[in-house]
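Below are the structure tokens for one structure; questions will follow.
Just so it is clear, none of the values below were taken in a lab; they were calculated from the coordinates. Here the structure is a predicted model, which is why all the values come from computation and not from measurement. Note: ideal-geometry Cβ built from the backbone for every residue, glycine included; neighbour counts use all protein chains shown.
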Amino acid sequence: MDRRTFVKRSCLGSLALSLDHWGTSPAFSQDVIPPAPPIHVTEPVGVQVSPLRMPGLYPGRVVEISDARSIVANRVSQAVVREMLERGMRELTGEKDLRQAWGKFLQPQDVVGLKINPSGAPACCSSPEIVREIVAGVQSVGIPVRNIIVYDRYAYEMDIGSYQTLVPKGVRVTGVQENKLDASGYDPDIFCEANFFGEWETRSYMANIVASGVTKIINVPTMKDHSAAGVTGCLKNLGYGTFNNVDRSHRRPFSFTDPLIGIMCSTEPLRSKAVLHIMDGTRMVWHGGPLTQNQDFIFPAGLIMVGTDPVAMDTIELEKIEGKRSKEGAPSVWSRDPKSLTSDGAEFYQDASKNLYYRQPHHIAAAGKLGLGVSDRKVIEHRMIRIS
Amino acid sequence: MLGDNARSGGQPSQTWRAPRRTRWQISLEGAVRGSPILQGELLYVPSLAGFLNAINIRSGRLQWRFKAPAAIHSTPSLSLGRVLFGCDDGKVIAIDAATGTKSWEVASQDEVWASPIFQNESVYFGSADGNMYAVRAESGAPQWKQMLGGRIYSSAHVAKRRIYVGCGDGNIYGMDAATGQVLWKTATGNGIDCSPAVDRYSVFIGSQDFVFYSLDAGSGAVLWRYEAELGISSAPAISGDLILFGCKAGTLHALDIRTGKMIWKSRIGQAITAPPVINGSVVWLQAGFTFALNLSDGRVLWKANLGNSVQSAPVVTKDVVYLAGMEGEIYALE
């Protein structure tokens, strides 16, 4: 019999987290977004809180490794990303020995989930080349290959990315659900509950693979604009890639990704298990995310970011995407100009001045407010390594 | 698989006529990734709920269904009155095509998404455990297995004495069908989940390195290569002097089979991972929508939004097109 017990906590989404808008959101003075409703979290009690839990061993530290050779003619170089990841792991941990570096986060008895981002495959998704290097790093600690699981919520998106074929033999590759309405892969006892728009199902459940299938998670997000959240990076990949029924948090033109993303990431045992974040920035989607296939908006940024603090990493990611959008003449992701909205998806995918929602990049600072990391740019320790 | 082992597209050619209505529609338990296959009056459709479904095409009703121990991604094939398919628990199962009762099963050590191929009284299949297997078609008794360098999701092409298959290690392998001995291997720049097509002298296959290859079937030497925009999972189809394949960039390419020169390219939109099916002057393709294109120039003749689809290919007959949507909807269009 399952002897777990659960506790309900409430997050005053609109009040406690949004107060922080004054300090962090350039858009707040013109904000037109209604306040978020209260969000209730039901999570297990008695979970042993890990000392590695987010923001992890290195709060506020972001290691960025760039190498223009990492992506050439839209192909990611295995050899180059290997060197980038090795340099990044050493810099993050201060360890000269790579095995020691990986060993800061993993033990041989761990079952390790690699949470990839295949949405947007094949144009922009977690590169199989980087996933293969992470697998090698995990194995270096003595973890058997069968205890490494590459996963995401949607199996069909992983199929399009051909991850099954491209990862080493023995690694398990699994999707939590096979189609949109399949809830069998989710834990009915761990959920976030809120009524955003009068939807009939007001709960989002945690994936079993996170709740009970793995002991550690390495998060492998991509670097992308997101039409509702502002950007999708560590937090969005982890939160919305762990809980189901998340599309309901946005209905045009409004989005409650702020604060839902941060609240989901703060839910145990997800918060304790996500010990390392390796952002694939070989490609950057600066408009049309998360699903665009339009190569006009996909930039070969040629970088990888490594850290344990998802808030700090997403803050840097946001800065980079804002910078690229500005350079390309696209509106800020903080824009609240109703003229930039369109209800035509095709127009959104072709025109960088248009969007489907008022984006909510403030979800990053809100997650910081929940204790998941550092969002103050002045405090973030951004270490940059340029290889070539 | 897909009508014949040569992957020439399946059924005999018919005059083009756009489907006008749905003859029947049935909803199966579980999502569908593999392609349906047709023999006689039964349409066999695998599902991720672990069922092999046999649908009577006259009534559109389920005649029987067989519960496998795990999800079925593998497109079934036919041999000696049996339906063969691979399973996510590593088994390949043969069941009686008429009754749905199990004849035999054989186990590998990891999932089998590739189609088992019947030839020379044997059944050949690759597994994610990295082995190619040969078993007796009558009993499933093992004949040989051969370890390759990576996971195998490519369905093999089996000629009388040769096997050709792509592998996750990025190599295309030519093997002896009788012994499993590797006769040659040719490297590409990334893993391969595409299934090869073969004409008399050449092997054709795409790779995740964005390149489509023509190889000498005897030696594995590269005859020509053609660069696409993104990775290639879609198995090619051959019609006369043309070879067609889809690319994940959402483009369907038609090349001169002898030179690799592009004859036409058609932008479909969504990522293509399914094989095109050629029927006379028409190419059928599922990539989100279902498309019919003109074989001579790639022009879209007809399209319909019939259940989003990944990896599946339609069955085209004289009067009816059968196709599977990703969510488990099966359509008969006439």
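Assuming 0.36 nm per residue, please report the length gained on full extension of the stretch A:ASN294 to A:GLU319 beyond their Cα-Cα distance.
Between A:ASN294 and A:GLU319, full extension yields 6.8 nm more.
Continuing with this model, one more query. Any chance you could get the radius of gyration and Dmax over the Cα atoms of the range A:314-388, in Å?
Considering the range A:314-388 through its Cα atoms, Rg and Dmax are 15.1, 43 Å.
For a quick check: sort A:THR93, A:THR308, B:THR22 by the number of other beta carbons within 10 angstrom, fewest at the front.
Listing A:THR93, A:THR308, B:THR22 from fewest to most nearby Cβ atoms yields B:THR22, A:THR93, A:THR308.
Amide H to amide H under 5 Å from B:GLN39: which residues, 5+ apart in sequence or cross-chain, H placed 1.01 Å off N in plane?
B:TYR44
If packing is taken as the mean number of other Cβ atoms within 10 Å per residue, what is the order of B:244-252, B:193-201, highest first?
B:244-252, B:193-201
Let me ask something else. For the range B:15-164, what is the convex hull volume of its Cα atoms per residue in Å³?
Spread over its residues, the Cα hull of the range B:15-164 gives 129 Å³ apiece.
Also, quick follow-up: Using the Karplus equation 6.51 cos²θ - 1.76 cosθ + 1.60 (θ = phi - 60°), what ³J(HN,Hα) coupling, rounded to whole Hz, does each residue of the range A:316-326 give in order, writing x for Gly and Pro?
Here the 3J(HN,Hα) series is 5, 4, 4, 4, 5, 5, 4, x, 5, 4, 4 Hz.
Moving to a separate point now. Rg and Dmax of the range B:169-291 over Cα atoms: what are they, in angstrom?
Cα only, the range B:169-291: 14.0, 43 Å (Rg, Dmax).
Which value, in Å³ per residue, describes the convex hull spanned by the Cα atoms of chain A?
Cα-based convex hull of chain A, divided per residue, equals 131 Å³.
Further question on the same structure: Spelling out what I want: for every residue of the range B:193-205, take phi, set θ = phi - 60°, compute 6.51 cos²θ - 1.76 cosθ + 1.60 (Karplus), and round to whole Hz; glycine and proline get x.
Ordered by residue, 3J(HN,Hα) equals 10, 6, 9, x, 10, 9, 9, 4, 10, 10, 10, 10, 7 Hz.
Continuing with this model, one more query. Have a look at B:TYR124, B:VAL198, A:SER332 and report the one farthest towards the positive end of the charge dipole of the protein assembly as shown, computed about the Cα centre with Cβ charges (Lys/Arg +1, Asp/Glu -1).
The Cα lying farthest towards the positive end belongs to B:VAL198.
Taking the Cα atoms of the range A:204-245, report the difference between the largest and smallest coordinate on each principal axis, in whole Å and largest first.
Cα extents, longest axis first: 31, 22, 9 Å.
With 10 angstrom as the radius, rank A:LYS224, A:LYS369 by how many other C-beta atoms surround their C-beta, starting from the fewest.
Going from sparsest to densest Cβ surroundings: A:LYS369, A:LYS224.
Which whole-Hz ³J(HN,Hα) couplings does the range B:175-191 yield from phi under the Karplus relation 6.51 cos²θ - 1.76 cosθ + 1.60, θ = phi - 60°, glycine and proline marked x?
Ordered by residue, 3J(HN,Hα) equals 10, 7, 5, 7, 10, x, 4, 6, 8, 7, 9, 10, 7, 10, x, 6, x Hz.
Also, quick follow-up: Convex hull volume of the Cα atoms in the protein assembly as shown, per residue, in Å³?
It comes to 157 Å³ per residue, whole-number rounded.
Could you state, as a whole-number percent, how many of the C-alpha pairs of the range A:245-388 are farther apart than 28 Å?
21
Using every Cα-Cα pair within the range A:94-167, state what percent have a distance larger than 14 Å.
Counting every Cα pair in the range A:94-167, those more than 14 Å apart make up 60 percent.
Which FRET efficiency, nearest 0.05, do A:ASN74 and A:VAL49 yield, Cβ-Cβ r, R0 41 Å?
0.45
Please compute, for the alpha-carbon atoms of the range A:27-152, the extent along each of the three principal axes and give them in descending order in Å.
48, 45, 29
Which order do the peptides B:137-150, A:225-238 take when ranked by the mean count of other beta-carbon atoms within 10 Å per residue, highest first?
The most tightly packed comes first, giving A:225-238, B:137-150.
From the cross-link list A:LYS169/B:LYS91; B:LYS67/B:LYS303; A:LYS273/A:LYS378; A:LYS115/A:LYS224; A:LYS224/A:LYS354, which pairs have alpha carbons spaced over 23 Å apart?
B:LYS67/B:LYS303; A:LYS273/A:LYS378
For an R0 of 56 angstrom, estimate the FRET efficiency from the Cβ-Cβ distance between B:GLU138 and A:ARG377 and round to the nearest 0.05.
Computed FRET efficiency for B:GLU138 and A:ARG377: 0.20.
Still on this structure, I have one more. What fraction, in whole percent, of alpha-carbon pairs in chain B exceed 25 Å separation?
Everything past 25 Å amounts to 46 percent.
Can you list the equivalent-ellipsoid semi-axes of the range A:81-217, largest first and in whole Å, using the square root of 5 times each Cα gyration tensor eigenvalue?
Those come to 30, 18, 14 Å.
Report the calculated FRET efficiency for B:LEU80 and B:ARG267 (r = Cβ-Cβ distance, R0 = 45 Å), to the nearest 0.05.
0.60
Here's a follow-up. Take peptides B:275-285, A:112-122 and line them up by average Cβ neighbours within 10 Å, highest first, as a rough protection proxy.
Packing order, densest peptide first, comes out as A:112-122, B:275-285.
Rounded to a whole number of µm²/s, how large is the Stokes-Einstein D of the range A:149-263 at 37 °C and 0.692 mPa s, given Rh as the Kirkwood radius over C-alpha pairs?
So the translational diffusion coefficient is about 218 µm²/s.
Cα centroids of the range A:96-162 and the range B:188-266: how far apart, whole angstrom?
30
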